[in-house]
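Trainee: Handing you this structure, nothing more for now.
The values are calculated or read from the model by the stated rules, or taken from the named source; none is laboratory data. Worth saying up front: this structure is predicted, and the values here are computed from it rather than measured. Virtual Cβ from ideal backbone geometry, glycine too; neighbours counted across all protein chains shown. The area values use the complete protein model at the heavy-atom level, side chains included, leaving out ligands, DNA and RNA. Shrake-Rupley method; radii C 1.70, N 1.55, O 1.52, S 1.80 Å.
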Amino acid sequence: MPATQTKKSLHKRHDDLAQANKQLEVLSGGIFADGELPTFAKKIKETNQFPLRPKKLEILQINVGYMCNQVCEHCHVDAGPDRKEIMTWETMEQCLEVIKNTGAHTLDLTGGAPEMNPNFRRFVEEASKAGIKDFIVRSNLTIIRANKKYYDLPEFFKKHNVHVVSSMPHWTRGKTDKQRGEGVFDKSIKALQELNAVGYGMPDSDLRLDLVYNPNGAYLPSDQAGMEKDFKKALMEDFSIQFHNLFAITNLPIARFLDYLIASENYEDYMYQLVEAYNPAAVANVMCTNTISISWDGWLYDCDFNQMLDLKVNSKVKHISEYNEDVLNDRNIIISQHCYGCTAGAGSSCQGTVA
């Protein structure tokens, strides 16, 4: 990855790739348009898995806003301090109605930095009363140290038994700061120590603390189990930090990572890697089969990645205000070439490997 940190989002820079249709043009053109590589649809047809259909809904993933205190090189959300898209309380109330009536057992709050939504705590408090079994907040860790008003987040998470899933590119300062910005590593370590201090990540603790790893460049993640052992050993020896699991997630060719691939002339090579690593066994468990993704403005998507490409669900029901789980469950999942990222090797989802 480039050593210098991007200071503005693609959106703020008015870059062509800030537009979903421009990204889709790249993903549908070139080596896929001329048949050099098979499209994802053609690939899953070969293994009799087309069309991709949903299974029982288990996870509601809600993006409460694209605002973030970081501007990471790989970010598929293109999040940053300059992104002002924030979920309103009105839309949150519509989500709460769905949460109360859904059969899904997991609520997954993401961003940006979800904690930066001004109604974040109120939403967590109300949603935690709705009987969700696993309440996930995806935290970039540094938000805990970004401002005094966030310093008590570890205690707040503990109070509501929130499952904290935290971004951590590496156990070394150099590799972490290269991807996420100068000073991110030290703030992340401090935040992890504070989460440990209130009981998160301890071996016998119900306070779940998991880390997420993304590769630093145009390559696929290594074996998740092996990386977890390395992370645990290094963080314990160097900083006395403990956590439960490591999720290794493949970088999808979307937004800023797509921009990086093109700028570094790695796009075609990376797509070749994804296609060659295609694993039909991973297709059955990709996140879009058991998840509905809800955007900051209430639109419904098959997954968080489709949300960023503005590929709304193929259903009569397209917005949280008209939510109907039975109708949504009877749909075909929308796919494009970025889906290779979720089916490469052991597969990849927001919960790590799937095969």
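Trainee: Name the residues in the range 105-123 that are crowded, with 22+ Cβ neighbours inside 10 Å, assigned to a loop (DSSP other than H, G, I, E, B) and not polar (S, T, N, Q), would you?
Mentor: If the condition is that a residue be crowded, with 22+ Cβ neighbours inside 10 Å, assigned to a loop (DSSP other than H, G, I, E, B) and not polar (S, T, N, Q), then Gly111, Gly112, Ala113 are the ones that fit.
Trainee: Can you name the helices (runs of 4 or more DSSP H) wholly within the range 241-355 that have at least 3 residues being of a type in the set (Ser, Thr, Tyr)?
Mentor: Output list reads 267-276.
Trainee: OK, next. For the range 195-252, what are the residues that are among the charged types (D, E, K, R) and open to solvent by less than 60 Å² (accessible area, probe 1.4 Å)?
Mentor: Listed by number, the residues that qualify are Asp210, Glu228.
Trainee: May I pose another question? The conditions are (1) of a type outside the set (A, V, I, L, M); (2) in contact with a helix residue (DSSP H, G or I) (Cβ under 6 Å, 6 or more places away or on another chain); (3) at pLDDT 95 or above; (4) surrounded by fewer than 22 Cβ atoms within 10 Å (Cβ to Cβ), and Asp177 fails exactly one of them. Which is it?
Mentor: (3)
Here's the yes/no breakdown for (1) touching a Phe, Trp or Tyr at 6+ places or on another chain (Cβ under 8 Å); (2) over 30 Å from Lys190 (Cα atoms); (3) of a type in the set (Gly, Ala, Ser); (4) modelled with pLDDT of 95 or more:
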residue: Glu237; (1), (2), (3), (4): no, no, no, yes
residue: Tyr267; (1), (2), (3), (4): no, yes, no, yes
residue: Asn279; (1), (2), (3), (4): no, yes, no, no
residue: Val283; (1), (2), (3), (4): no, yes, no, no
residue: Thr289; (1), (2), (3), (4): no, yes, no, yes
residue: Asn314; (1), (2), (3), (4): no, yes, no, yes
residue: Ile320; (1), (2), (3), (4): yes, yes, no, yes
